[in-house]
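Chemist: Below you will find the structure I want to go over with you.
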Amino acid sequence: MNDVQQVDVIVIGAGFGGLGAALTAAERGAKVVLLEALSYPGGCAATFSRQGYRFDAGATLCAGLAPGQLFARWIDRYGLPLHIRPLSPAVELRAPGWSLSMPPTRAGLVAALVAQGCPEAPLLRFFREQQRVADALWPALDAAGRLPPFDGPGLVWALKSGLRLIPALRWAGRPLRAVLEATGCLGLRPLRLVLDALCQITVQVDALDAEAPLALSALDYLWRGAAHVDGGVGALASALSGALQQAGGEARFAARARGLQRTAGGWAVEARGRRLWAPTVLANLLPQDVAALLGEAAPPQLGALAAPVAEGWGAVMRYCGLRDDPGLPRGAHHYELIGDPDAAFVEGNHIFASLSAEGEAGRAPAGHRALTVSTHLSIARLRGLDPAGQAALVSGVQQAMDTLLQRLAPEVAGAVERAMPGSPRTFRRFTGRAEGLVGGVPRRAGWSHYRGLVPRPVAPGLWMVGDSVFPGQSTLATAIGGARTARAALGGGATARLLTS
Ligand SMILES: Cc1cc2nc3c(=O)[nH]c(=O)nc-3n(C[C@H](O)[C@H](O)[C@H](O)COP(=O)(O)OP(=O)(O)OC[C@H]3O[C@@H](n4cnc5c(N)ncnc54)[C@H](O)[C@@H]3O)c2cc1C
């Protein structure tokens, strides 16, 4: 293997899953090369430049940035040059005749819902249950050793929180509807609006169908160190790739992995005309994309992993340049807008619109702001159409997004000077994700989501990271998922060997 560079770990893809995996492997002393097809990191959570603006490609809001949480710890450890701003409110929800600025605490949310006419007693029952589950599950996203394979402190933590979780285990596999019924909250409309809106952007399904413990903990998303990263979420991805270098790893950009072959007890990967070999590969790709790289050698279990991902979503986008009108909020601001609360929160009936802060360095020409707007689109629906039908569907959804923005946030819509479209095709082209599938596996009620609790290789030495595997979607979840999978792949101690053998 003279012309082949030999390393310990190859990571394919510099999304947050790949970044978390590569950084952790490098910190554990492995010789790591991270290959990224694009010339910048972040994938679905990258920030790209166009026409003098820096637009967040997909993700706009990041959790895990409060002191002691995963991203904050990495920022401190490597002295990453980032400016993190608190958000107030984290999100502003609007529907026709209704609005709610998300309070910074659970008690604040209960008070706001009571002020909107919800009776307090059932709300308190619901949020007590919600808090119990969230408090038990969220700290697992603070440190890689708290997810299998546990390290010593992680195991102690897991045993303690496991005990705290026991009363909530009765909800596992069941829909959130069951919790709403049991607590007497099913008919509380303002609560349902909040739950539907938050569930659609976190667990990727409406509240009634969402798997209860995952949905209950995801409801804490905005209270767990969610903040604004100056320069866009991609600035955090770039900073983490700098951290990787500090830790002794190497990130190669414009280096698309073009083939993956099992050879000599490891894996050979071709990228940018060079051949790399490693005993361990961590693939930050969808299962269908790993299967495509492997060709006929793809193991059948990739098909099983790919099936629920294929039932997921694509995204339709608007990347807008705005005049900085005086009517706009001065800080970074996130709007979640709902057209018809009784219809599905998808396809332009529900949009998430994120505005950069006034004067935020590099985001927009002077006197302007950058805005990223997104909505969900069913890939199954798109798949069933011919190319003309697909184009018509996407452009209809874009039209609906523009109309909703004009209707519910006229001060924002009125300041738009230019708008660039994005679609599943855009995500496929830029991130390489099959069919432009984003957001991982929708968390509908059922036990299947817990299958990946313990990371296992899909073939000897080949591991998956990213939002299609546990713990799933979001910048934080993929980063911690990547980190814990790297620990498992490199032998994360006695517990790891026990659990992964
Ligand atoms: C519209 C939208 C809005 C979202 N909003 C939020 C939000 O506000 N907050 C939040 O936390 N999450 C949000 N998410 C979810 C979050 O962005 C994703 O769950 C997460 O970023 C996915 O990371 P990943 O590592 O799994 O994959 P990806 O981000 O897809 O990264 C994979 C990387 O691999 C690279 N790649 C692909 N093929 C190859 C190859 N052959 N060789 C080398 N490199 C390759 C790609 O270029 C990409 O950089 C949003 C997602 C979308 C689509």
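The values are calculated or read from the model by the stated rules, or taken from the named source; none is laboratory data. No experiment lies behind these values; they were computed from the predicted model shown. We place every Cβ from the backbone using ideal geometry, glycine too, and count neighbours over all the protein chains shown.
Chemist: Being in contact with a Gly (Cβ under 7 Å, 6 or more places away or on another chain) and closer than 16 Å to residue 455 by Cα is the filter; apply it to the stretch 114-162 and report the residue that is surrounded by the most Cβ atoms within 10 Å (Cβ to Cβ).
Modeler: Applying the filter and picking the extreme gives 149.
Chemist: Then there's this: Would you please name the residue that is farthest from the ligand (Cβ to nearest atom), looking only at residues in the stretch 474-493 that are over 16 Å from residue 10 (Cα atoms) and of a type in the set (Val, Ile, Thr)?
Modeler: Ranking the qualifying residues of the stretch 474-493, first place goes to 480.
Chemist: Okay, next question. Could you grab me the full set of residues in the stretch 426-447 that are near the ligand (Cβ under 10 Å from one of its atoms) and touching a Pro at 6+ places or on another chain (Cβ under 7 Å)?
Modeler: 436
Chemist: Condition check: outside the structural domain of residue 178 (by TED's automatic domain parsing), within 16 Å of the ligand (Cβ to nearest atom) and more than 19 Å from the chain's Cα centre (by Cα). Does residue 398 satisfy that?
Modeler: So residue 398 fits the description; yes.
Chemist: Go through the stretch 25-43 and give me each residue that's surrounded by 24 or more Cβ atoms within 10 Å (Cβ to Cβ) and over 14 Å from residue 250 (Cα atoms).
Modeler: Result: 42, 43.
Chemist: Please go through the stretch 252-288 and give me each residue that is within 11 Å of the ligand (Cβ to nearest atom) and small (Gly, Ala, Ser), ordered by number.
Modeler: Scanning the stretch 252-288 gives 254, 255, 257, 259, 271, 283.
Chemist: Among the residues of the stretch 448-458, write down those that are of a type in the set (Phe, Trp, Tyr) and within 15 Å of the ligand (Cβ to nearest atom).
Modeler: Scanning the stretch 448-458 gives no hits.
Chemist: Here is a further query. Could you list, ordered by first residue, the pairs with Cβ atoms under 7 Å in which the first is in the stretch 1-24 and buried (at least 24 other Cβ atoms within 10 Å of the Cβ) and the second is basic (Lys, Arg), at least 6 apart or interchain?
Modeler: Pairs that qualify, where the first residue is buried (at least 24 other Cβ atoms within 10 Å of the Cβ) and the partner is basic (Lys, Arg), are 24/487.
Chemist: Have a look at 466, 461 and point out the one that is modelled with pLDDT of 95 or more and within 16 Å of the ligand (Cβ to nearest atom).
Modeler: Within the list 466, 461, the selection yields 466.
Chemist: Related question: Those residues that are in a helix (DSSP H, G or I) and at pLDDT 90 or above, I need them from the stretch 140-155; list them, please.
Modeler: Selection gives 145, 146, 152, 153, 154, 155.
Chemist: Mind listing just one residue for me: the one in the stretch 364-378 that is within 22 Å of the chain's Cα centre (by Cα) and buried (at least 21 other Cβ atoms within 10 Å of the Cβ) and, of those, nearest to residue 411 (Cα to Cα)?
Modeler: So, considering only residues that are within 22 Å of the chain's Cα centre (by Cα) and buried (at least 21 other Cβ atoms within 10 Å of the Cβ), the one nearest to residue 411 (Cα to Cα) is 371.
Chemist: What number goes with the only condition from (1) on the phi > 0 side of the Ramachandran plot; (2) in the same structural domain as residue 257 (by TED's automatic domain parsing) that residue 432 does not pass?
Modeler: Result: residue 432 fails condition (2) only.
Chemist: Pick out the one residue from 237, 292, 243 that is part of a helix (DSSP H, G or I), away from the ligand (no atom under 14 Å from the Cβ), among the aliphatic types (A, V, I, L, M) and in contact (Cβ under 8 Å) with a residue 12 or more places away in the chain.
Modeler: Residue meeting the stated conditions: 243.
Chemist: Within the stretch 183-200, work out how many residues are touching a residue at least 12 places away in the same chain (Cβ under 8 Å) and either away from the ligand (no atom under 16 Å from the Cβ) or surrounded by fewer than 22 Cβ atoms within 10 Å (Cβ to Cβ) (or both).
Modeler: 12
Chemist: Check every one of the helices (runs of 4 or more DSSP H) wholly within the stretch 166-225 and list those with 3 or more residues that are under 16 Å from the mean Cα position of the chain (by Cα).
Modeler: Because the criterion is at least 3 residues that are under 16 Å from the mean Cα position of the chain (by Cα), the helices (runs of 4 or more DSSP H) in the stretch 166-225 that meet it are 189-202, 212-218.
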